[in-house]
Amino acid sequence: MLTGAFVSMSFPINDFFDQQSPTPLTYLTTINGKRLYLKHDYLNHPAIQGNKLRKLKYNLLAAKANVQTLVSFGGAYSNHIAALAAAGKAFTIPTVGIIRGEELTDVSRWSKTLQTADENGMQLHFVSRSAYRDKENAPNIATIIAQIPNAQLIPEGGSNALAVKGGSEVITELQAQLSPIDAIFTACGTGGTLAGLIDGAQTNDLNATLHGIAVLKGAHFLTDDITRLSQQHQHANWQLHFDYHHGGYAKTTAELHDVMTTFTSEHCIPLDPIYTGKLVFAVIDLAKKENHHPQNWVIYHSGGLR
Ligand SMILES: *Cc1c(COP(=O)(O)O)cnc(C)c1O
């Protein structure tokens, strides 16, 4: 006989992913001959949202199968840490977060992200900024990890080969939803999501240009990181845009605010100021500037709504 406790302890992760339906793609508007569509990936899960669920999928399946503890890194406001903790709770996978900032040992200074991660059962460790910067070599971080049974590390931001594989599945969904697709745009933090789109487009013979909008200032490291993460980078037609960061990560401008407010009131689609707001701003600007024949452009709404 199944008891309630037994059922809640073994959330069927394989069933969850098998039963996930494609997130909607809707037409928004036409600007200068560019028909803009939006992939509503923020609707895939209320807590493990958008690209974070895509990137965690195969990491979670592997951790469940191999009885691993998933360990990752982030700052006090990291969407990736929030998503990992929520996933750990949903699928009963133990999680550990190694968090930047020793001062956060003081619980009264926790962000909402950290409070929720803690409530979701993530074990939190706080390390100095210098240890965090040197996370591969810092002795105290090595000691923390050595004490975790069957630890599986996921890099900061969640971008590894399994994340790229999960991200590539956005392309198979899109191909069933729209044809032709001339360009796809995503926000870039670490570049894992764009690497997934690149690999998905190549392996599925989708002949679209993949565009990444860098949300950090001076994010030229992205070119190398995407080259390292993507198996297909030399074949695909992809491009990064470095001029839409609005001052840097978590910085904003009045211009950005105006575009976001107008967009949300016209289309009833929520945006976040860190990633998807900058993405929409960039796509509208590029659509006005580039004079091609009519094209279908897809905006990948990666989530970030908390
Ligand atoms: C984390 C995040 C990104 C950045 O994804 P990368 O794979 O690191 O480039 C983009 N959008 C949202 C909403 C995010 O939370």
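The values are calculated or read from the model by the stated rules, or taken from the named source; none is laboratory data. Given the structure is predicted, the values throughout are model-derived calculations rather than measurements. Positions of Cβ are backbone-derived with ideal geometry, glycine not excepted, and every protein chain shown enters the neighbour counts. When the accessible area is computed, the model is the full protein with side chains, heavy atoms only, and any ligands, DNA or RNA have been set aside. Shrake-Rupley method; radii C 1.70, N 1.55, O 1.52, S 1.80 Å.
How much net charge surrounds Thr23 when only other residues with a Cβ under 12 Å from its Cβ are counted (Lys, Arg +1; Asp, Glu -1)?
-1
Mark the label point 7 Å from the Cα of Ala62 along Cα→Cβ and return the residues of the stretch 222-245 whose backbone N is within less than 15 Å of it.
229-231
What's the angle, to the nearest 10 degrees (0 to 90), between helix 276-289's Cα axis and the longest principal axis of the chain?
20 degrees
Which of the trypsin sites (Lys or Arg not before Pro) found in the stretch 201-296 are in a DSSP loop and have at most 15 neighbouring Cβ atoms, other than their own, within 10 Å?
For trypsin sites (Lys or Arg not before Pro) across the stretch 201-296 that sit outside H, G, I, E and B with at most 15 neighbouring Cβ atoms in 10 Å, the list reads Lys217, Lys251.
Sequence neighbours fewer than 8 away in the same chain don't count; with that in mind, list the lysines whose C-alpha is under 23 Å from Lys39.
Lys52, Lys55, Lys57, Lys165, Lys278, Lys288, Lys289
Based on DSSP H runs of at least 4 residues, each adding -39500 (n - 2.57), what is the mean residue ellipticity at 222 nm of the chain after dividing by all its residues, to the nearest 500 deg cm²/dmol?
-12500 deg cm²/dmol
Taking the 0 to 90 degree range and rounding to the nearest ten, how far is the long axis of helix 161-177 tilted relative to the main principal axis of the chain, both from C-alpha atoms?
It works out to around 40 degrees.
Once you list every other residue whose beta carbon is under 14 Å from the beta carbon of Phe126, what net charge do they have if Lys and Arg are +1 and Asp and Glu are -1?
That sum, taken over residues with Cβ under 14 Å, equals 0.
Round to a whole angstrom and tell me the spacing of the C-alpha centers of the stretch 81-124 and the stretch 233-306.
One Cα centre to the other: 29 Å.
How high is the FRET efficiency between His257 and Asp118 when r is their beta carbon distance and R₀ equals 30 Å, given to the nearest 0.05?
So, using R0 = 30 Å, E works out to roughly 0.40.
Could you state the orientation-averaged shadow area of the convex hull built on the Cα atoms of the chain, in nm² to one decimal?
Values: hull surface 69.0 nm².
Spelled out: convex hull of the Cα atoms, projected over all directions, averaged, 17.2 nm².
Using 1/(1 + (r/R0)^6) with R0 = 25 angstrom and r between the beta carbons of Asn14 and His235, what's the FRET efficiency to the nearest 0.05?
It comes to 0.20.
If packing is taken as the average number of other Cβ atoms within 10 Å across a peptide's residues, how do 195-205, 35-45 rank, most packed first?
Descending mean neighbour count gives 195-205, 35-45.
What whole-number value in Å² describes the accessible area per residue of the stretch 155-293 for a 1.4 Å probe?
The answer is 45 Å² per residue.
Please check which bits of the stretch 23-53 a label hung off Ala90 would reach, taking the label as a point 7 Å along Cα-to-C-beta and the cut-off as backbone N under 14 Å.
23, 41-53
Would you mind telling me the antiparallel percentage of the DSSP bridges in the chain, rounded to 5?
15 percent
Roughly to the nearest percent, how much of the accessible area of the chain is carbon and sulfur, given a 1.4 Å probe?
C and S atoms contribute 53 percent here.
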